[in-house]
Amino acid sequence: MISEVLVVKSIRDFLIREKGYTVWVDSRFVAENPDLEPTHQIRIGGRIPDILARKKGNIIAIECKGERGTRQILEAIGQVVYYKKGSHQQYIGCPESLMDDTVYDICNYLNVGIITVNDRLEANEELKPAKSLLDEELLETILELTSSDADIKPIPNISFSRPEPFIIATLLTGKIKSYRKLLKSLMSLLPSRSGIGCSEGFARKVIETAISLGLIRKRGDKISLTRDGTSILYYFTEKCGNIDNAINEICALYKPKIYNYKSIKITKSDIKFVARCALLKHPTIDFLTSLLMEMREKTGKNVFTFKEIFEFAKNEYPEKTMIYLIKASCEKKDAQELTLDDVDPRICDDIKAQMRNAGIIKGKQRPTVEPDDIWEVCL
């Protein structure tokens, strides 16, 4: 049986190798397969495409389903129609066994493309759609996001999936000063699907991600810790006694069946601490967190509506508000003229979700920005 994550991986590889696209995968799939990076959390029509790909300004969105029945295909067709608002072409991706004439005719009628995956996990484009008429404002925002590593491949990698490999790389950098040596150490320490010893490609991705998260810096072959990386090093070595003990404990947490002993000292709260440190490197999250802390100090309250946060930001930090909270297409120059309609919807969606996952705030998740949306400070 071909699972959804295998369909996603096969189509991603097909788009990269045979079609020349730059491809991002919904971050939820990384928990099942760490090789599925870079990731994204961009919503089109209120939904996150399983695959978002770009080539020369052309955006395609794909909804994938695994081999669980024909009804899955009908659901995929219904979902992918949402993506017509902000992508040039839309596809469903599915195992070859689920395709039939009815599905083909429906997709052809709705101008939805089809990419199938066979038993050898080879992808094939069965139906190519014509380009859609687009919401140009939404497309402009998506194109900007897909040009910015800080927004499309951000901190979600450490908050939505397993952060342990990045912690291990950070701790190793406390005792190793060479990129090549760090790479070899990770290859021997991090587990693969068959046992201890991950691939060189995965080890490189771990280091690159730790660098992008602001935990490690690299100059030539030399590597060193940033201030945040040093804080994480001190936290875990104080907790576990020394660097080696800390690494062993986190390895045990990462893959206990391979390392043959249970994690005793490292807890979920420790991992949340690391996720929080990493998230605060994201400029928008850093700005919002600072706002909430300042509002709490000035008002003595711990709970605020989004409208209160927005008005406080406009009055106290108008320039930062224009940079971090507003849609790319907003044409207003004066922060005092801004309304909630000018706010980037991700502020109350993906950004807030990341802050909640890291324990920075509490509050009910909503699909769109609402004035009475509650944000409760946890820090």
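What to note about this one:
- Averaging the sequence gap over all C-alpha pairs within less than 8 Å and six or more residues apart, then dividing by the number of residues, gives the stretch 2-60 a relative contact order of 32 percent.
- Of the Cα atoms belonging to the stretch 17-77, the radius of gyration and Dmax stand at 12.5, 36 Å.
- Linear extension gain, residue 311 paired with residue 102, 0.36 nm per residue minus alpha-carbon span: 70.0 nm
- Shown here: the stretch 1-143, whose C-alpha atoms stretch 40, 36, 27 Å along the first, second and third principal axes, sorted largest to smallest.
Quick note: the coordinates plus some simple rules give every number you see, no bench work behind them. Fair warning: this is a prediction, and the values are worked out from it, not measured in the lab.
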